[in-house]
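Worksheet: the structure to be examined is printed underneath.
The values are calculated or read from the model by the stated rules, or taken from the named source; none is laboratory data. Because the structure is a prediction, the values reported are computed rather than measured. All Cβ positions, glycine included, derive from the backbone under ideal geometry; neighbour counts span all protein chains shown. Heavy atoms of the whole protein, side chains included, go into the accessibility calculation; ligands, DNA and RNA do not. Shrake-Rupley method; radii C 1.70, N 1.55, O 1.52, S 1.80 Å.
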Amino acid sequence: MALSKLPLYSVFFFLYISLSISSQALSSKIAVAQIKDQQDNEPFVGINIGEDVSNLMSATELVSFLQFQKVTHIKLYDADPDILKALAKTKIRVIISVPNNQLLAIGSSNTTAASWIGKNVVAYYPQTVITAIAVGDEVLTTVPSSAPLLMPAIESLYSALVAENLHNQIKISTPHSASIILDSFPPSQSFFNQSWISVIQPLLHFLSRTGSPLMMNFYPYYVFMQNKGVVPLDNSLFKPLTPSKEMVDPNTLLHYTNVLDAMVDAAYFSMKNMNFTDVVVLVTESGWPSKGDSKEPYATIDNADTYNSNLIKHVLDHSGTPFHPEITSSVYLYELFNEDLRSPPVSEANWGLFYANSTPVYLLHVSGSGTFLANDTTNQTYCIVMDGVDSKTLQAALDWVCGPGRANCSEIQPGENCYQPNNVKNHASYAFDSYYQKEGRASGSCDFKGIAMTTTTDPTNLGNYDFNLDAICQESTIESGQDSNNSSRPFILFLLYILARNSIIALYLPNDCYLEENESCL
């Protein structure tokens, strides 16, 4: 879904503090208060869940995974009944969606709209906490022929909510591509594409009247890709900037340290230029791909980790924007899983934080910014070989990590404690983790050209790994009778080993087994 979100941005102009241009007045405190009244008590980070995934876990497993990862807000691209049922009594807040192909029926019939609300909202609420309905997805830019149906569909659904007395609890809006905003920098000069004013104006009236947000999909990744050489990568990734690298709006003299804030303020100014100052911006999609083809060199794990980690911190730190420092827009990350069934380019299948088997694509760095995701390097993390990698590729990676990579591979040499079983997969898992720990579990240090993966949880919790006990040394250690600081540990490990051999449990030893100075490998 990310490909359709290409914003057609004009080139950013970087102006410096030396500009001596009078600033415009900011919006009134009353308008700010009206906007803040629409928000949750605190800004939050949610996550989108797309389902173009092979072997997608069941709805019950998905909800358990969301709870384990401390996810509190999600957005669906439909109203999946199994997921809505599984969400009951979990307090996870969900935005459900009307797919674009249902707009015709709902926009043409109040009865159909009422039936949709009954089937997808009333049947689950309030046990399942539905907070909003997203009507269509980027309708104006992806299916413009359906644009005349958008407001009738929204109004019909709202009337159905009123009939059920749910209109104050559940908001209705529609997500837009950033490309509906033209001349996006400087933000103070931004305006909505005049081709869509016949839809945007009544929509803004509706949002203002009902206290609903303007839903926008903002992708600094695409801004950067379309303006390479003009928009620095650091500005797109929320990296700290020197004053000389900040973007400055010449009309307001407001300084922008990142692209996303400029995009959000462009939306606020576009609404202000149409005399709407009481509608909050909700970022319904934002993210960065972790892998791309040869034409997408900036779609990397490091950049995806940096963008999403910094975005989470930016929201949870209540950073606001230069135009509205008092207001922090909540953001839904795109997305939970890599959607491997999506069509090329390669980046389309690589926006997720996790693979379908629930292992993280990379580990976020968000400690100290509240609780969002257990997928964080503050937890115990490991690096192991992915399934299905051919031996030749593994051997090449193993040769590098034990050679130029300078990992501690002494324990997997012939005759040493971790040599058995003598196969390349087990040796590579040992070596990869040795390198990963040596590098301080840094982002990108568990990749090896896409054949390794990280995990933040003991594999016994999720049951996704075939991690052979022999590969982590304890068998040969027990047989050799090596001494330990705790004489009971070999016996306990032996019992656990026997249990694992009989498929009762699986053991995942702590990383001190991998440290070079630990001679006992226990």
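The set of residues in segment 350-373 being closer than 14 Å to residue 288 by Cα and either of a type in the set (Ser, Thr, Tyr) or at pLDDT 90 or above (or both) consists of 350, 351, 352, 353, 354, 361, 362.
Table: residues versus (1) in a strand (DSSP E or B); (2) open to solvent by 10 Å² or more (accessible area, probe 1.4 Å).
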| site | (1), (2) |
| --- | --- |
| 263 | no, no |
| 270 | no, no |
| 279 | no, no |
| 283 | yes, no |
| 288 | no, no |
| 292 | no, yes |
| 295 | no, yes |
| 298 | no, yes |
| 303 | no, yes |
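Restricted to helices (runs of 4 or more DSSP H) entirely inside segment 182-241, those with at least 1 residues that are more than 26 Å from residue 158 (Cα to Cα) and without any contact (Cβ under 8 Å) to a residue 40 or more places away in the chain are 233-236.
Being part of a loop (DSSP other than H, G, I, E, B) and among the hydrophobic types (A, V, I, L, M, F, W, C) is the filter here, so list the residues in segment 138-181 that pass it.
Selection gives 143, 166, 170.
Looking at residue 173, is it open to solvent by less than 40 Å² (accessible area, probe 1.4 Å), more than 30 Å from residue 302 (Cβ to Cβ), at pLDDT 95 or above and among the hydroxyl-bearing types (Ser, Thr, Tyr)?
yes
Could you go through segment 78-91 and let me know if any residue there is within 19 Å of the chain's Cα centre (by Cα), more than 15 Å from residue 285 (Cβ to Cβ), open to solvent by less than 40 Å² (accessible area, probe 1.4 Å) and polar (S, T, N, Q). No.
Scoring residue 321 on the criteria (1) under 24 Å from residue 134 (Cβ atoms); (2) in a loop (DSSP other than H, G, I, E, B); (3) within 17 Å of the chain's Cα centre (by Cα); (4) not hydrophobic (A, V, I, L, M, F, W, C) leaves a single failure, condition (3). Cβ-Cβ contacts under 8 Å between residues 6 or more apart (or on different chains), taken from a first residue in segment 387-412 that is part of a helix (DSSP H, G or I) to a second residue that is among the hydroxyl-bearing types (Ser, Thr, Tyr) and surrounded by fewer than 19 Cβ atoms within 10 Å (Cβ to Cβ), are listed as 411/419; 412/419.
On the basis of being open to solvent by less than 30 Å² (accessible area, probe 1.4 Å), under 27 Å from residue 135 (Cβ atoms), out of contact with any Gly (no Cβ under 7 Å at 6 or more places or on another chain) and of a type in the set (A, V, I, L, M), does residue 214 make the cut? It is true that residue 214 is open to solvent by less than 30 Å² (accessible area, probe 1.4 Å), under 27 Å from residue 135 (Cβ atoms), out of contact with any Gly (no Cβ under 7 Å at 6 or more places or on another chain) and of a type in the set (A, V, I, L, M).
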